[in-house]
Amino acid sequence: MKIGLQIPSFTWPGGAAAIGPTLGRIARQADDVGFDSIWVMDHFFQIRGVGPAEDPMLEGWTTLGFLAAHTSRARLGLMVGGVHYRKPGLWVKAATTLDVLSGGRAWLGIGAAWNQEESEALGFPFPPLGERFEMLDETLQIAHQMFLGERGSEGEFHGRQYHARRLMNSPQSISRPRVPIMIGGGGERKTLRIVAQYADATNVFGGPTAIHHKYEVLRQHCEEVGRDPNEIERSTLQGVNLAREAPAQIVDRFGELADAGAQHVIFSVHDVDDPTQIETIGRDLIPQLKAL
C-alpha cells in the first residue's frame with residue numbers, strides 16, 4: 001500500500017508570515033518519514049467541512065512548486081483540480097513544469113469540480129455539470145496528445161468546448177509515458193467511465209464497502225472500453241486523528257480498505273502542523289501499512 005498526505009488547511013499559529021516556513025517543515029518531514037505522495041486542494045476559499053471560507057487558502061499549482069523545492073522523493077499533486085479553473089493547455093503545461101522541476105514527481109489531479117460559491121465569488125464561470133464533464137473529457141484528450149513523444153502530437157484539436165492549433169509540449173515531462181493522471185470523484189455513470197478511458201488513478205471516498213463498490217463499477221467500465229483495470233491505481237482519501245485512534249486501530253482500519261481494493265491511502269491528518277503527528281505516523285504506521 002502507498003501512503004499519501006493531503007494538506008487541506010493552512011490555519012496555523014503565526015498568521016500569513018508563518019505559512020511558508022510551517023508548510024516547508026511539514027513537507028520535509030513527510031518526505032523524510034516515507035510518505036509516497038503529498039497533495040493540496042485546488043480551492044481559493046476554504047471549503048465546508050474543513051473550516052469557514054475566510055480561513056487561509058493557497059493557490060494549488062504555486063503551492064506544489066513550493067513543495068517540490070522542499071522535498072526530494074514524494075510525488076506531488078492537486079487533490080483534485082477543478083477543470084473550469086484553467087484551460088487544457090495550461091493544465092498540461094503546469095503539470096509538465098512541476099514534473100520537470102521536481103525530477104519526475106508530478107501528478108495531474110483533475111475533476112469536474114463542484115464549488116459554485118467560490119467560483120462565482122472570484123469571477124470564474126461555472127457551467128452546468130454536463131458541460132463541465134464535457135470540458136473534462138476534452139481536457140483529458142488534449143492532455144494525452146500533449147504528452148505524446150518528445151514534444152507532444154503537435155496536431156490540432158477541435159471539440160465542442162476547446163480548440164487548439166498546435167499541441168506542442170516542450171520540454172516534455174520526465175514521467176513517461178505521461179505525468180500520471182488522477183481523476184477524483186465517484187460518480188458511477190460519468191466520472192468512473194472517464195477514469196476508465198483516460199486516467200492512471202482514481203480517488204474515491206468512503207469505507208471499505210463503499211470504495212469496493214466504486215472499484216467494481218470502475219472495473220465494469222474498463223471492460224466496456226477494453227482496458228485492463230489493473231492499469232489504474234485505486235486510491236482513497238481518509239481522515240487520521242491520532243488523538244482519537246491508536247496506531248494499531250488505524251492499521252486495522254486501513255487493512256480493511258486494502259482488502260476492499262485500495263492501493264494508495266491518502267491521509268488527511270488532524271493537527272498536521274504538530275511534528276509529533278508525522279513522526280508517529282512515520283514510526284508506527286507507514287512501515288506496517290506499506291506491508292499490506
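The values are calculated or read from the model by the stated rules, or taken from the named source; none is laboratory data. Here the structure is a predicted model, which is why all the values come from computation and not from measurement. Surface accessibility is based on the protein's heavy atoms, side chains included, excluding ligands, DNA and RNA. Shrake-Rupley method; radii C 1.70, N 1.55, O 1.52, S 1.80 Å.
Angle of helix 129-146 to the longest C-alpha principal axis of the chain, folded into 0 to 90 degrees and rounded to 10: 80°. Checking (i) 29, 26, 15; (ii) 29, 23, 19; (iii) 32, 22, 18 against the coordinates, the calculated semi-axes √(5λ) of the Cα gyration tensor in Å falls under label (ii). Of all aspartates and glutamates in the structure, the ones whose alpha carbon falls short of 18 Å from that of K214, not counting any fewer than 8 places away in one chain, are E188, D200, E223, E224, D228, E231, E233, E256, D259. Mean sequence separation of contacting Cα pairs (under 8 Å, at least six apart), scaled by the length of region 93-245, corresponds to a relative contact order of 20 percent.
For the pair region 1-80 / region 183-203, the C-alpha centres are spaced 24 Å from each other.
Expressed as an acute angle from 0 to 90° and rounded to the nearest 10, what is the orientation of the C-alpha long axis of helix 208-225 relative to the principal long axis of the chain? Long axis of 208-225 versus the principal axis of the chain: about 20 degrees. Using the rule -39500 (n - 2.57) for each DSSP H run of four or more residues, divided by the residues of the chain, the 222 nm mean residue ellipticity is -12500 deg cm²/dmol. Indicate the gyration tensor shape class of region 138-196 (rounded, prolate or oblate), computed on the Cα atoms with a ≥ b ≥ c the square roots of the eigenvalues: a/c under 1.5 is rounded; otherwise a/b larger than b/c is prolate and the rest oblate. Taking the square roots of the gyration eigenvalues as a ≥ b ≥ c, region 138-196 is oblate. Per residue, the solvent-accessible area of region 161-239 (1.4 Å probe, heavy atoms of protein chains only, all protein chains present) comes to 47 Å².
3J(HN,Hα) along region 5-11, derived from phi through the Karplus expression 6.51 cos²θ - 1.76 cosθ + 1.60 where θ = phi - 60°, amounts to 10, 9, 10, x, 9, 10, 8 Hz, with x in place of Gly and Pro.
Remark: the S72-E154 segment gains 26.3 nm on full extension, using 0.36 nm per residue and subtracting the alpha carbon distance. Between 0 and 90 degrees, the angle of helix 60-69 with respect to the longest Cα principal axis of the chain falls at about 60 degrees. By DSSP, what percent of the beta bridges with both residues in the chain are antiparallel, rounded to the nearest 5? Restricted to the chain, the bridges split so that about 5 percent are antiparallel. Surface composition of the chain: carbon plus sulfur atoms hold 52% of the accessible area, using a 1.4 angstrom probe and ignoring ligands, DNA and RNA.
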